[in-house]
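The values are calculated or read from the model by the stated rules, or taken from the named source; none is laboratory data. Owing to the predicted nature of the structure, the values given are computational and were not obtained by experimental measurement. Reconstructed Cβ throughout: ideal geometry from the backbone, glycine too, with neighbour counts over all protein chains shown.
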Amino acid sequence: LEQWLARLHPADREPVQLALEQAWAGRELSVSLRLPGTDAPRWLHWAGQLQGRQLRGFILDVSALKAQELQTSAARARLENLIASSPAVIYVQRCSDGALHSEFFSASLQPMLGWAADSEQARQPGLAVHPDDHALWLQRTSDLLREGQARCRVRLRDSRGGYHWILDEARLLRDDLGQPLEVVGLWLDVSEATEAAERVRQSEERYRVLVEDSPAMICRYRPDLILMFGNRPLADYLQCTPEQLVGMDLGQWLSPAQRAAFVERLRQLTPEQPLSSSEICLQLPGREHAWWIWADRGLFDEHGQLLEIQAVGRDNTEVRRSQQQLLQGAKMATLGELATGLLHEINQPLNVIRMATVNTIKRVENGLAETDYLLEKLRRIEAQTDRVARLVDHMRVFGRRSAVEREWFPAWAAVTAAVALLDEGLRGKGVSVQVSVPDEQPQVLGHQDQLEQVLINLLVNARDALLGLGRRDAAISLHQSLEPGSVVLWVQDNGGGIDPQLHERIFEPFFTTKPAGVGTGLGLSVSHGIVSAMGGSLQVSNQGDGACFCMRLPCHSIS
Ligand code: ADP
């Protein structure tokens with residue numbers, strides 16, 4: 001026995017000895033053992049039974065069988081390992097009578113759903129399906145049985161009551177007769193991906209609702225102004241549907257000048273400075289003009305190329321209208337003031353005309369009317385009629401509403417026109433007007449009649465101050481100076497100046513020191529507004545023994 005044991009693989013000696021001892025005690029002998037060989041050991045199976053005082057049995061060489069078994073179990077271990085370590089749950093369901101019964105779940109069932117493999121849920125997963133997904137689950141079973149495979153995404157309740165989004169992928173295996181045998185499938189927990197997708201969908205939905213319900217006009221368009229999207233308020237303004245907006249040219253409602261300015265503004269957008277806003281004027285179908293406050297944000301690609309623009313707009317037409325009305329009101333007030341001076345202006349030529357007519361009639365009656373004399377009188381009458389006509393013309397122009405869009409004009413032209421309107425009247429009241437005509441007359445952007453109104457207000461205020469003082473050398477001087485990028489107009493008087501404490505307040509609306517019924521207190525505030533709208537500034541200071549108003553305007557070119 002000792003020799004026999006010594007030939008065995010060392011690891012098998014003890015088990016064999018134990019098995020032998022138990023066999024002597026009456027147990028059946030059945031033990032596998034190895035005989036070390038040159039390369040692989042030989043596997044033997046030793047079986048036997050105690051009979052009387054003899055142990056009888058046989059030894060079988062099972063090397064081939066054992067090698068196969070080892071291979072199979074290694075493969076099986078590998079597979080089991082794979083199944084157990086897979087993040088997916090692998091399962092098998094048995095089919096019987098058209099129903100499916102769980103038979104196997106891989107180990108990841110516990111970490112995924114907290115279910116034990118023999119739990120109630122594992123036996124009948126349908127019970128753990130979210131009520132909203134029941135229909136999907138039933139559909140899966142019927143698809144499986146009919147089509148042989150199914151794929152669905154349902155929510156399963158875990159052991160703590162929380163739901164997981166599970167992607168179920170299953171196949172049906174049939175027996176030789178084509179009868180359904182079992183279902184092999186896998187579950188993948190896709191909660192994170194599903195919830196992330198759902199969050200994105202919800203946030204997209206929120207933004208969509210925000211954009212749709214916003215009273216503001218919201219759109220996306222390409223750098224060539226072709227609309228890619230527009231919400232309902234924008235469509236309503238443009239009298240079409242949001243679907244029709246796509247592909248429309250946003251520039252079609254802009255004048256060529258507005259369009260050029262718009263495109264230029266977009267050209268200045270950069271990835272660092274992607275925002276820009278301005279007030280744009282549009283010619284809309286069925287409407288006179290619309291003013292929109294328009295804010296753009298450029299979207300760029302990685303090379304800094306402008307891809308598209310997102311814009312939000314607000315209708316500012318009503319505000320514009322009331323501003324224009326206020327301006328018009330102030331203009332009419334100025335006009336009213338001018339009317340008194342105008343009476344004098346018109347009266348004078350009328351007097352001249354009357355005198356000339358009376359004298360001519362006398363001469364004709366006395367038979368003394370020579371042709372030269374008559375011609376001279378008629379020319380005088382013509383000249384005076386012209387003068388009146390010019391004045392009336394100008395008043396008419398001044399009373400008109402300003403053009404909608406701003407234009408370039410020489411700033412000095414407004415000075416000339418305002419002075420022409422008031423010069424005579426001022427001289428009549430003993431106020432001399434000194435004008436230094438500049439050589440260069442740069443252009444500014446705005447409305448000439450509005451700038452004229454500013455100058456008229458300044459001249460009328462200077463006149464009032466001077467008349468209050470009653471000095472003999474009362475004078476107003478106007479001149480222009482140039483600064484880089486700006487033209488500056490100066491209106492200076494010697495009417496005593498303005499209390500420095502009031503320098504801020506005089507620009508407030510309705511601030512006046514004039515008696516009730518005389519001053520409106522609007523002149524300077526409206527003037528300030530007009531100059532600001534032109535991108536300029538209006539300031540006051542005391543110079544010498546009077547007030548000096550200085551108007552700085554950005555200019556375009558020297559004409
Ligand atoms: P109004 O002329 O109707 O009073 P304005 O806004 O034009 O309204 O002027 C506001 C006030 O500013 C005037 O009431 C006056 O006190 C003061 N003011 C304006 N210009 C002058 C000036 N050149 N000299 C003195 N005071 C002036």
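The conditions of being within 9 Å of the ligand (Cβ to nearest atom), at pLDDT 90 or above and crowded, with 21+ Cβ neighbours inside 10 Å are met by GLY495.
Restricting attention to segment 483-492, and to residues there that are away from the ligand (no atom under 14 Å from the Cβ) and aliphatic (A, V, I, L, M), which single residue is farthest from the chain's Cα centre (by Cα)?
Of all residues in segment 483-492, those away from the ligand (no atom under 14 Å from the Cβ) come to 483-489.
If we keep only those that are aliphatic (A, V, I, L, M) too, we end up with 487-489.
On the way: VAL487: 37, VAL488: 39, LEU489: 41 Å.
Filtering first and then ranking leaves LEU489.
Determine, yes or no, whether GLU69 is among the acidic types (Asp, Glu) and surrounded by 12 or more Cβ atoms within 10 Å (Cβ to Cβ). In short, yes.
Determine which member of the set LEU422, LEU459 is buried (at least 16 other Cβ atoms within 10 Å of the Cβ), within 16 Å of the ligand (Cβ to nearest atom) and closer than 16 Å to GLU345 by Cα. Walk me through it before giving the result.
Working: LEU459 fails: closer than 16 Å to GLU345 by Cα.
Matching residue, one of LEU422, LEU459: LEU422.
Only residues that are in contact with a Leu (Cβ under 8 Å, 6 or more places away or on another chain) and in contact (Cβ under 8 Å) with a residue 60 or more places away in the chain were counted across segment 343-366, and they come to 1. I'm checking my understanding of the structure. Among residues of segment 544-556 that are away from the ligand (no atom under 11 Å from the Cβ) and either surrounded by 15 or more Cβ atoms within 10 Å (Cβ to Cβ) or under 48 Å from the mean Cα position of the chain (by Cα) (or both), which one is farthest from HIS528 (Cα to Cα)? Per the criteria, the residue is HIS556. Tell me whether segment 463-474 contains one or more residues that are more than 26 Å from GLN325 (Cα to Cα), within 7 Å of the ligand (Cβ to nearest atom) and modelled with pLDDT of 95 or more. Among the residues of segment 463-474, not one is more than 26 Å from GLN325 (Cα to Cα), within 7 Å of the ligand (Cβ to nearest atom) and modelled with pLDDT of 95 or more, which makes the answer no. Scanning segment 504-523 for residues that are surrounded by 15 or more Cβ atoms within 10 Å (Cβ to Cβ) and either among the aromatic types (Phe, Trp, Tyr) or touching a strand residue (DSSP E or B) at 6+ places or on another chain (Cβ under 8 Å) (or both) gives ILE506, PHE507, PHE511. Taking (1) touching a helix residue (DSSP H, G or I) at 6+ places or on another chain (Cβ under 7 Å); (2) farther than 19 Å from ARG406 by Cα; (3) of a type outside the set (Ser, Thr, Tyr) in turn, LEU327 satisfies each apart from (2).
Return the residues of segment 14-38 that are under 17 Å from TRP4 (Cα atoms) and β-branched (Val, Ile, Thr); say none if nothing qualifies. Once the filter is applied, which keeps residues that are under 17 Å from TRP4 (Cα atoms) and β-branched (Val, Ile, Thr), segment 14-38 yields VAL16, VAL31. If only residues of segment 499-537 that are within 7 Å of the ligand (Cβ to nearest atom) and among the hydroxyl-bearing types (Ser, Thr, Tyr) are counted, the one that is modelled with the lowest pLDDT is THR520.
Restricting the first member to segment 303-326 and to residues that are more than 23 Å from ASN231 (Cα to Cα), and the second to residues that are of a type in the set (Val, Ile, Thr) and surrounded by 13 or more Cβ atoms within 10 Å (Cβ to Cβ), the beta-carbon pairs closer than 8 Å and six or more apart or on different chains are LEU326/VAL526. Strands (runs of 3 or more DSSP E) fully within segment 270-317 that include at least 1 residues being under 12 Å from TYR237 (Cβ atoms) and charged (D, E, K, R): 306-315. Quick test of your reading of the structure: ASP118 fulfils all but one of (1) without any contact (Cβ under 8 Å) to a residue 24 or more places away in the chain; (2) more than 60 Å from the chain's Cα centre (by Cα); (3) in a loop (DSSP other than H, G, I, E, B). Name the failing condition by number. Every condition holds for ASP118 apart from (2). For ALA547, the conditions (1) part of a helix (DSSP H, G or I); (2) modelled with pLDDT of 90 or more are fulfilled apart from (1). Residue count for segment 134-180 under the criterion of being touching a strand residue (DSSP E or B) at 6+ places or on another chain (Cβ under 6 Å) and among the polar types (S, T, N, Q): the result is 1.
Just one residue in the set VAL92, VAL62 is in contact (Cβ under 8 Å) with a residue 12 or more places away in the chain, surrounded by 10 or more Cβ atoms within 10 Å (Cβ to Cβ) and closer than 30 Å to THR141 by Cβ; that residue is VAL92.
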